[in-house]
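*Asks:* This structure is in structure tokens; I'll ask about it shortly.
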Amino acid sequence: MSIDTDDRTTIYRTRQLDAGQSEEEAVGYIDAGGVIHRFQWGKGLPMGRVDSDMRVFRAMQYGERELGQALPTGAVRSTGVLEGGDVGWMDPDGVVMQGGLIMGEEEVGRVQGPLALAAAAALLLLFLPDEAEANRRAAR
């Protein structure tokens, strides 16, 4: 079942399960205005934006912070983590891969909709780091 509308680009997170199986969950979307939303309690909670240059920004309490950019080649580059290093890419079919100079390659999700490249960047630069931080907090 697809939850996409004509003006929404949905972001799906893929998690690897035991025995080589995986599950997919819609974690957020980008609306036609470039606002990045996280699904929370059945609603879209705004958490950032993407501009016309495919730069991803995180909303902060007093402003915003640039996280990185999606390049026309499909590569996603971070401006903070790894000091401008590549963190992954989007395949032509919308599959999002995480990987770079010091990371192994891993399929982490897919995107579907008109702003697919921006959504891939949002997954790699915003959603995955937030998930990793939540996991670190839960492990304490």
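The values are calculated or read from the model by the stated rules, or taken from the named source; none is laboratory data. Source: prediction; values computed, not measured. As a convention, Cβ positions derive from the backbone with ideal geometry for all residues, glycine included, and neighbour counts pool all protein chains shown.
*Asks:* Looking at (1) of a type in the set (Phe, Trp, Tyr); (2) more than 22 Å from Gln16 (Cβ to Cβ); (3) touching a residue at least 40 places away in the same chain (Cβ under 8 Å), which is the one condition that is false for Phe127?
*Replies:* (2)
*Asks:* Hey, another quick one. Suppose we keep only residues that are of a type outside the set (D, E, K, R), in a strand (DSSP E or B) and without any contact (Cβ under 8 Å) to a residue 12 or more places away in the chain within region 60-77. Which one would you say is farthest from Tyr12 (Cα to Cα)?
*Replies:* So, considering only residues that are of a type outside the set (D, E, K, R), in a strand (DSSP E or B) and without any contact (Cβ under 8 Å) to a residue 12 or more places away in the chain, the one farthest from Tyr12 (Cα to Cα) is Gly63.
*Asks:* Name, by its number, the condition in (1) touching a helix residue (DSSP H, G or I) at 6+ places or on another chain (Cβ under 6 Å); (2) modelled with pLDDT of 95 or more that does not hold for Val87.
*Replies:* If we test Val87 against (1) touching a helix residue (DSSP H, G or I) at 6+ places or on another chain (Cβ under 6 Å); (2) modelled with pLDDT of 95 or more, just (2) comes out false.
*Asks:* Quick one: Arg38 ticks every box in (1) outside any strand (DSSP E or B); (2) surrounded by fewer than 21 Cβ atoms within 10 Å (Cβ to Cβ); (3) at pLDDT 95 or above except a single one, so which number is it?
*Replies:* Among (1) outside any strand (DSSP E or B); (2) surrounded by fewer than 21 Cβ atoms within 10 Å (Cβ to Cβ); (3) at pLDDT 95 or above, the lone unmet condition for Arg38 is (1).
*Asks:* Which of the residues that make up region 17-29 are modelled with pLDDT under 80 and surrounded by 12 or more Cβ atoms within 10 Å (Cβ to Cβ)?
*Replies:* none
*Asks:* Name the pairs: first residue in region 99-116 and within 20 Å of Glu23 (Cβ to Cβ) and aliphatic (A, V, I, L, M), second residue assigned to a loop (DSSP other than H, G, I, E, B) and at pLDDT 90 or above, Cβ to Cβ under 8 Å, at least 6 apart or on different chains?
*Replies:* Val111/Gly94
*Asks:* Related question: Scanning region 108-137 for residues that are among the basic types (Lys, Arg) and part of a helix (DSSP H, G or I), which turns out nearest to Gly68 (Cα to Cα)?
*Replies:* Arg136
*Asks:* Also, I was wondering about something else. So Phe57 ticks every box in (1) in contact (Cβ under 8 Å) with a residue 12 or more places away in the chain; (2) assigned to a strand (DSSP E or B); (3) of a type outside the set (D, E, K, R) but one. Which box is left unticked?
*Replies:* Status for Phe57: all satisfied but (1).
*Asks:* For region 98-120, check the following and say yes or no: at least one residue is at pLDDT below 95, crowded, with 17+ Cβ neighbours inside 10 Å, within 18 Å of Tyr12 (Cα to Cα) and not β-branched (Val, Ile, Thr).
*Replies:* The answer is yes; a qualifying residue exists.
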